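The values are calculated or read from the model by the stated rules, or taken from the named source; none is laboratory data. Please read all numbers here as calculations on a predicted model, not as lab measurements. Ideal geometry is used to build each Cβ from the backbone, glycine not excepted, and the neighbour counts take in all protein chains shown. The accessibility values were calculated without ligands, DNA or RNA, using every heavy atom of the protein model including side chains. Shrake-Rupley method; radii C 1.70, N 1.55, O 1.52, S 1.80 Å.
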Amino acid sequence: MLIFVALLYFSLACTLSWLIFFPSGRALLIDLVERIGAAIERRVDTWQRARAFAAESAARASPTTPLRPLKFARRHALALGAGACALLLPALAALMLGEHRTLEPYDGASLPPDPQVAALLRGEQLAPPQALPPLVFRAVEVVQLRPLLVDASRNWDLLNIEFSQRLLLTFKIMKERHGYEMALLEGYRSPMRQDELAKLGSGVTNARAFQSYHQFGLAADCAFWRDGRLIISEKDPWALQGYRLYGEVAESLGLTWGGRWTMMDFGHTELRQRALLGKTPG
């Protein structure tokens with residue numbers, strides 16, 4: 001029985017494919033539809049004339065009137081039922097005879113926790129790295145890219161403790177797993193400095209005072225430290241790869257990475273707290 005149903009289904013599928021995809025099949029199908037439509041129209045006209053309906057209205061009736069498909073379905077109910085059975089029987093047979101399987105239940109507790117993330121959750125306090133010499137931020141290549149970086153705050157104590165711990169853990173993972181040593185370029189930013197940067201245009205920042213998480217100690221701009229120099233520009237392939245890894249690690253720790261923004265800021269991360277933006281502290 002199953003073989004018969006499969007052969008019937010295969011024959012029907014081949015016939016439908018020939019009718020739909022081949023020009024000769026389409027022509028035959030169109031001709032058949034036109035003939036059926038004409039026959040239906042003639043029968044409807046006869047029926048309407050027999051009941052004294054206006055011949056002119058019947059002659060102009062649309063071939064797509066809703067009554068005609070219904071009449072066609074009634075007159076060919078047996079054929080339509082057989083076709084529906086031919087299409088549905090293989091699926092029903094496969095469903096009944098097939099082996100039912102479900103996914104094994106997921107047990108998140110069985111996965112070993114990341115030791116560094118677990119340490120962070122236990123409250124382990126990470127210490128900030130040693131501050132870089134001020135002259136580093138006066139280097140020609142640094143000034144060309146970030147001319148106002150010299151006066152930026154790199155005081156870790158001014159950062160939100162939860163944010164600073166996540167950022168320090170990001171630094172630790174970047175160094176131990178990927179070999180990148182990170183450096184803090186700017187952390188807390190005063191409202192006055194934020195407005196000064198906003199005046200320089202959208203190429204620097206679109207946020208004015210208290211529209212940035214820097215004013216709340218919840219954001220930082222970072223770069224890489226290699227061979228005694230700051231590497232800021234993502235045009236360096238090594239730095240671009242580092243920024244991608246930096247974004248992945250930061251996001252895994254619940255931080256937002258600026259590399260996904262329309263105006264991409266690869267070195268920026270923040271710990272978002274929407275209720276703070278636009279509000280003056282105190």
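Brief remarks follow.
- Residue selection: Leu230 fails the criterion of being assigned to a helix (DSSP H, G or I) and not basic (Lys, Arg).
- Annotation: Ala209 fulfils all but one of (1) modelled with pLDDT under 95; (2) over 24 Å from Asp151 (Cβ atoms); the unmet one is (2).
- Leu200 vs. criteria out of contact with any Pro (no Cβ under 8 Å at 6 or more places or on another chain) and either under 19 Å from Leu276 (Cα atoms) or at pLDDT 95 or above (or both): no
- Residue among Leu158, Leu169, Leu149, Leu245 that alone is open to solvent by less than 20 Å² (accessible area, probe 1.4 Å) and either in contact (Cβ under 8 Å) with a residue 40 or more places away in the chain or touching a Ser or Thr at 6+ places or on another chain (Cβ under 8 Å) (or both): Leu169
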